[in-house]
Each structure stands twice: as C-alpha cells, then as structure tokens.
Amino acid sequence: MQALEIIIIAIGLAMDAFAVSVSAGITPRQALAKTGILAAAVFGGFQGGMAILGWYAGSAVSSFLAGYGPLIAFLILSGIGLKMIYESRQEGTGVSPIETLPALMVMGIATSIDALFAGVGIAILGEAVLIPAVIIGAVTAVLSFAGVFAGTRIGPIIGEYAEIAGGVILVGIGLKILFL
C-alpha cells in the first residue's frame, strides 16, 4: 500500500473517534485540553493497537485465503463503511460525551473495532502492519484532539456527517482495492 492510501484509510477509520471527540467538546467543561489529550491518547492507541491485532489474526488465515485478498479487503472495508453510514442515520445511536476515563476506554474499544478488521485486510493483502498502524493511530490521535475543540463550535452539525464521510471513504478505498 502506498502512503496516501494508508493516510486515507486512517482518516476513514478515525471518523468515528472524531465524532465521539466532537460530542465530548459539545459539553461545556473546564478541562478541555485534558479531555483532548486523553481522547487523542486513548483513541489513537486503540486504533493503532487494534490494527496490529487484526493483522496478526489475518496473518494466521492469509495462506488459506490467498488470491481472494482484494475481494476480502473490499468486503471488509465496504462493510465497515456501510455500517458507519447506517449507524450515523440511526436515531438514538449517537455518541455520548466522554465523562470518565472508564467511559473513554469503552468508547476507545468501540470505535476501534473497524481498525481490527482493517488490520485483517492489511494482512490478507500481504502488507506489513507497523507503518500503517502507526499512521492509523497518529491520524486518529490528531483528529480526536481536534474533534474535542471542534465540538465547542461545530459539534451539532458535523458529528453526524463526519461518520458518513468516513464510511464513504472506506467504501471508496475498498472499491479501489477491488478494481485496481
């Protein structure tokens, strides 16, 4: 995979963490910088870590799936993207603000499940995982930190659309892998 593709995938994967971070920024709080730093560390760490875990799981089965890599990567990325789009349109599934460290950790796990499956796709394509995982984690950390501050201004509008945009990006990358 090329660097631009990895960055685009990372942005797509980070959209749910960004949406959670925006929602955290909507709630007035005294320690906005602390919330931003915690969100960046937790979301970035979980996204990068889950990509690595997924890669190891995918590596274990990749020899059985040789030749189907592009199709499987397309199905995984498209499935994640369509799920993100669907969930963004559901009433009552909106993300709640991050109030405590345990709540933040649960949100970190929940928002990084897609990175786990992306890691599986990376393994099936026969790619190394370290650089993509670091990029995925770093992009998520930056967007999460920015999301907390963006939430104070644009949270009610962009939170829903950020997740839709992330889903569309992942479906597009899946199509590119499938047809190119």
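The values are calculated or read from the model by the stated rules, or taken from the named source; none is laboratory data. Keep in mind that this is a model prediction, so the values were computed, not measured. Every residue, glycine among them, receives a Cβ derived from its backbone with ideal geometry; neighbour counts consider all protein chains shown. These accessible areas exclude ligands, DNA and RNA; they are computed on the full protein's heavy atoms, side chains included. Shrake-Rupley method; radii C 1.70, N 1.55, O 1.52, S 1.80 Å.
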Scanning the stretch 128-147 for residues that are β-branched (Val, Ile, Thr) and assigned to a helix (DSSP H, G or I), the one nearest to Phe43 (Cα to Cα) turns out to be Thr140
Within the stretch 1-110, considering only helices (runs of 4 or more DSSP H) that don't extend past its boundaries, which have at least 1 residues that are modelled with pLDDT under 80 and open to solvent by less than 50 Å² (accessible area, probe 1.4 Å)? 3-26, 69-88
Within the stretch 118-175, track down each residue that is crowded, with 22+ Cβ neighbours inside 10 Å, among the hydrophobic types (A, V, I, L, M, F, W, C) and modelled with pLDDT of 80 or more. Ala118, Val120, Ile122, Ala123, Ile124, Ala133, Ile136, Val139, Ala141, Leu143, Phe145, Val148
